[in-house]
Ligand code: SF4
């Protein structure tokens with residue numbers, strides 16, 4: 001299960017650009033998970049996690 005730690009997110013938008021089916025901006029212009037990744041976009045979601053500049057994206061069991 002993917003989550004965004006809002007305390008770390010700086011709203012750079014990288015994750016939304018990489019995996020826009022999974023991540024979108026919330027009302028505060030911080031990233032949020034709108035859909036958990038599917039088989040089709042799990043690689044994009046993992047790429048977004050790896051590339052987040054503040055390590056705000058978390059994957060939990
Ligand atoms: S890449 Fe990280 S810091 Fe940038 S919007 Fe996404 S969660 Fe926030």
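Here are the numbers:
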quantity	calculated
Length-normalised contact order for the chain - Cα pairs under 8 Å, 6+ apart - percent	46 percent
C-alpha long axis of helix 42-51 to longest principal axis of the chain, angle in °	40 degrees
Radius of gyration and maximum dimension Dmax of the chain, Cα, Å	10.0, 29
Ranked list, fewest to most other Cβ atoms within 10 Å of each Cβ, for 32, 54, 38, 18	38, 54, 32, 18
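Quick note: the coordinates plus some simple rules give every number you see, no bench work behind them. In this text, all values refer to a predicted model and were calculated from it rather than measured experimentally. Methodologically, a virtual Cβ is constructed for each residue, glycine included, from the backbone with ideal geometry; neighbour enumeration extends over all protein chains shown.
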